[in-house]
Amino acid sequence: MKLKFAWWRSNQKESFGIWKLHKRKIVLAALFVLSLLLSNIPEKKYSTIQMTIASVLVLPERGAFFVGGVASNFAKDVLSALGASLENRKLKATQRRLEITISRQKNEIMRLRGELDALKGVRNRETTSELPLEVARVQLMQPGKIISVTSANWSRLLIVNVGSRDGIETNMPVVWDDAVVGLVYKVGPYCSAVQLITDPDFTIWAIDVESRQQGIVKGNGSPLCRMTYVPLDANVKKGDWLVSTGRAGIFPENLVVGQVAEAPEKRGVIFLDIKIKPRVDIRRLESVIILKISQPLLDLPDLR
Amino acid sequence: MKVHWEKFAMVLFACAVLQGSLLFYIEVESCAPDLFLMLVIFLALYADKEQALLCAWIAGLGKDISTAGRLGFYAFLFMAAAFFIIRIRDEIYKEEHFTRMFLVFFVTMGIHLVAVIYASFFFNYRLSRGFALSILLLSVYNLIATPVMISLFEKIKMVKKLKA
């Protein structure tokens, strides 16, 4: 009996030693065999097992789905609000850019329309204001866009975007519709300087339409011009219109120079000094028209 | 480092519930983090070796049942992955997050490659670029989720006397 027990005990110890040494391998092998056996379970039995386990999981999964849905919807709302806010900002920026583009285009359209009207006015002028303009001798009418206005000390110059490449030469008259603007002063290949009617060096022969009194209108460096060489007994009144005479051969006849701004002052001994408001408001000008006269009226030297 | 079996059972249950519900909301191209696999890797890194193998097998079985796959397939694969990790765990610095992340990445790649090859042999699937991209995406997703999940498992203290 004791021997049997001793043998059994030593066998146990041996088995236990094998188990300790190869525990992992034994477990691996057992699990591998179990996996093989499980993979051979008939489909029906497997489905039953699966459905049983799935039914246990249904309720907690439903709860988790509910929580997940709430969190997901909340996140979607937050993200969509953020996305909407970002898109809103982008759209506003685009809208502002488009508004600026539209106003620039509107501006350009208005300017071109004005140029077109002015060109039409110069070319097809009727005697609606008793001021027929001789256009037969105008060979070229070149519209020029004003790109800058310089006013250093007394001089008043406009820079326009047409030059010698467009056929512009010095001493060409510059007009807008039926009014005198000035004279081409300097010409470059792509731009030209226009001496304005208000420039102190500018002069033009003009005639009072009412009294038929002639005189020289000169710039003053101020918004008003002066008409000089008018006799003391001249019947010039406030509001009389003055037009060009065409005497110097530079400006055609009947271009409107301006209007008598104040009742003439009797200064000096011989001549009246009359203040003239030019017809053209330089501050509102966007474009001008430069005229090329085919035949000068008189062959006179440059007056300046 | 014995396993707390009751905690393990609860975590396994939670993984089964979450894998089939909440993770749906964070899916990317039908890929979501594999909670079972991360549990297996955690236990393989820290638990007693034989118990880790058993837990991996059980977790694989859980995945088989929850995915309606062939019973025993993932059980075997997870057990093989756990065996591999157990062999190398003494050589690596397992506390480092990057080590864990890369381990998860490669194990995920390996397991799913084997699964796809198995499916192509036995179920006549054609191996395509789409499969490869899915495996890569899944591996990357698991890699990203690793620090969070492993830290969570550590906090739950499924394993007694966690070695520092």
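Nothing in this text is a laboratory measurement; each read-out follows from the coordinates by a stated rule. All of these numbers come straight from a predicted model, not from anything done at the bench. Cβ coordinates were reconstructed from backbone atoms using ideal geometry, including for glycine residues, and neighbour counts include every protein chain displayed.
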Response to the item:
chain B: longest segment with zero exposed GluC sites (Glu not before Pro), where exposed means DSSP loop plus at most 14 other C-beta atoms within 10 Å, is residues B:97-164
Item to complete: Pairs of Cα atoms under 8 Å, at least six residues apart: use those to get the relative contact order of segment B:1-65, whole percent.
Response: 40 percent
Item to complete: Only Cα pairs under 8 Å and at least 6 apart count here; give the relative contact order of chain B as a rounded whole percent.
Response: 32 percent
Worksheet item: Restricting attention to segment B:1-84, which trypsin sites (Lys or Arg not before Pro) occupy a DSSP loop and are surrounded by at most 14 other Cβ atoms within 10 Å?
Response: B:LYS2
Worksheet, complete the sentence: Per-residue average of other protein chain Cβ atoms inside 10 Å, peptide B:146-152 -> 0
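At a temperature of 10 °C and a viscosity of 1.306 mPa s, determine how fast segment A:214-292 diffuses translationally according to Stokes-Einstein, using the Kirkwood radius over alpha-carbon pairs as Rh; express D in µm²/s, rounded to the nearest whole number. Before the final figure, lay out the partial values.
Numbers: Rh = 13.5 Å.
D = 118 µm²/s.
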Response to the item:
Fraction of alpha-carbon pairs in segment B:2-160 farther than 19 Å apart, rounded to whole percent, equals 52 percent
Worksheet item: Per residue of A:55-62, what is the mean number of Cβ atoms on other protein chains within 10 angstrom of that residue's Cβ?
Response: 4
